[in-house]
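No lab work stands behind these numbers, since they all come straight from the coordinates. This one's a predicted model, so the numbers in the text were calculated from it and none came from an experiment. Virtual Cβ from ideal backbone geometry, glycine too; neighbours counted across all protein chains shown.
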Amino acid sequence: MSHRKKTKRKKIQETPAQQQAEQRTTANLEVIVKGDGAGPLEAVCSGIEELEVDGVSIRIIRRGVGDVNKTDVLHAETGSRLIVGFNVDVLPRVNEVCRDHDVEVRLYNVIYRLVEDVQMIAASIRPEEEAGEEVIGTARVIALFKGSRHGTILGSEVLSGSLTVGSRFHLISGMGPIYTGIIESLHIEKATVNKATPGQQVGLKIKNFDRGKVGDLIECFKKEKKKPQTAWKPEGKIQHL
């Protein structure tokens, strides 16, 4: 009697890039695909499966040859309620089922247009990225003064841009940002000012914070506006595109 030696299967380790991609993927587009033949259907599915949209997982949950039918519509309801078809039509009364279940059917006779539309839909539903920051002014801390009422005054020289009352800023040490706040007041000598520009030495008061050091960087910034995004939503209708 021969005994087969058991071998342990090696666990496939994901690369850091794959792990990061999974972390970024937080939206799903689940599609049903219909085609007029096995060859065209395979071509359409391959085109969709090769799509890469950052932040979106695109998955075909059902595929088949022939016109769109009621069963397709009911399956679509379990996904993203989207059916795409190449060189096919819909069976009688399917439009009513689509309307009742908010399933959208898109029919094409050109493969690349179908694939491009799926990519466009996926891009429209990806999560919005957090607004970034635009640096509008920097200054270097050159002296520290004890302020009244538990505050510290950073004597600083403006290096670039401008520091403006009401703007947000980071205080950055050699180890990175250590404080984020709002500029409540600026003083040049004994005068109160609303704005300081390069070459000027200015006092900036920080409340309830005393860990600033000479040499720290003040980085004044504003939030960048997010680009408006109109996400695709399925409409219970049939479109010939």
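Any idea how far apart Asn95 and Ile178 come out in nm if each label point goes 7 Å out from Cα toward Cβ?
Between Asn95 and Ile178, the label points sit 7.0 nm apart.
Once the piece of chain linking Arg59 and Leu159 is laid out straight, how much longer is it, given 0.36 nm per residue of separation minus the C-alpha distance between them?
Value of the extension gain: 30.9 nm.
With a cut-off of 11 Å, note down the residues of region 135-178 whose backbone N falls inside the zone around a label point 7 Å from the Cα of Asn194 toward its beta carbon.
Residues 165-166 fall inside that zone.
Rg to Rh for region 133-222: what is it, with Cα atoms only and Rh by Kirkwood?
Numbers: Rg = 11.5 Å, Rh = 12.6 Å.
On the Cα set of region 133-222, Rg over Rh gives 0.91.
Which pairs in the list Lys190/Lys222; Lys146/Lys213; Lys34/Lys237 are over 21 Å apart, alpha-carbon to alpha-carbon?
Lys190/Lys222
In which sequence would Lys207, Lys146, Lys195 go, from the one with the fewest C-beta neighbours within 10 Å to the one with the most?
Least to most surrounded, the residues fall as Lys146, Lys207, Lys195.
Label-point separation (nm) for Ser46 and Thr26, each offset 7 Å from Cα along Cα-to-Cβ?
The modelled label-to-label distance comes out at 3.5 nm.
Charges at C-beta only: +1 for Lys and Arg, -1 for Asp and Glu. How large is the resulting dipole of region 51-102 about its Cα centre, in Debye rounded to 20?
Computed about the Cα centre, the dipole is about 160 debye.
Which order do Asp54, Asp89 fall in if you start with the one that has the fewest other Cβ atoms within 10 Å? Please report the intermediate quantities before stating the final value.
Working: Asp54 12, Asp89 16.
By the 10 Å Cβ count, ascending: Asp54, Asp89.
Roughly what percent of Cα-Cα pairs across region 19-129 reach past 20 Å?
Counting every Cα pair in region 19-129, those more than 20 Å apart make up 38 percent.
What nm distance separates the two modelled labels at Lys70 and Lys207, each placed 7 Å from Cα along Cα→Cβ?
Here the answer is 6.7 nm between the modelled labels.
Summing +1 for each Lys or Arg and -1 for each Asp or Glu, what net charge is found among the other residues whose Cβ lies under 10 Å from the Cβ of Lys237?
Details: positive: Arg99, Arg106; negative: Asp102, Glu104, Glu235.
Charge balance in the 10 Å sphere: -1.
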